[in-house]
Amino acid sequence: MRRLLAAMLALAAPAQAAECWISYPGFEEKVPHLDLDRCPDNDPGPDAGFCRVMLQGTDIVVYAFRHDAGAGMPCLVRVDRMPFNDWVRARGPVNPAR
């Protein structure tokens with residue numbers, strides 16, 4: 001019985017690992033964007049990941065990436081969209097990283 005349980009857990013472990021559906025290398029070459037110095041609300045923080053931003057019509061789109069040790073590369077974890085004017089009122093102008 002213990003062997004069966006151990007075998008089932010071993011098979012289930014890879015399935016539980018988060019998959020990197022969009023990696024940063026794939027995103028970087030295909031999506032025009034600017035680098036942000038800091039993610040909005042510092043989420044993720046600089047040690048955990050980074051954000052990229054793009055304008056799409058009158059909206060600003062923020063892509064949040066987290067460093068994923070399992071995938072060996074940063075992975076997209078969130079996309080936020082808001083009207084550009086709302087962004088500027090709430091956060092001030094966008095300052096791309098240099």
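Worth a mention:
- Per this entry, ALA18 is counted among residues that are in a loop (DSSP other than H, G, I, E, B), of a type in the set (A, V, I, L, M, F, W, C) and at pLDDT below 85.
- Looking only at residues in the stretch 33-88 that are surrounded by 13 or more Cβ atoms within 10 Å (Cβ to Cβ) and of a type in the set (Gly, Ala, Ser), the one that is nearest to SER23 (Cα to Cα) is ALA71.
- Filter pass, VAL88 being touching a strand residue (DSSP E or B) at 6+ places or on another chain (Cβ under 8 Å) and either among the polar types (S, T, N, Q) or outside any loop (DSSP other than H, G, I, E, B) (or both): no
- For the stretch 21-56, the set of residues classified as closer than 22 Å to ARG91 by Cβ and either small (Gly, Ala, Ser) or at pLDDT below 80 (or both) consists of GLY45, ALA48, GLY49, listed by residue number.
The values are calculated or read from the model by the stated rules, or taken from the named source; none is laboratory data. Note that the structure is predicted; figures quoted are calculated from it, not measured. When we count neighbours, we look across all protein chains shown, and the Cβ atoms used for this are built from the backbone with ideal geometry, even at glycine.
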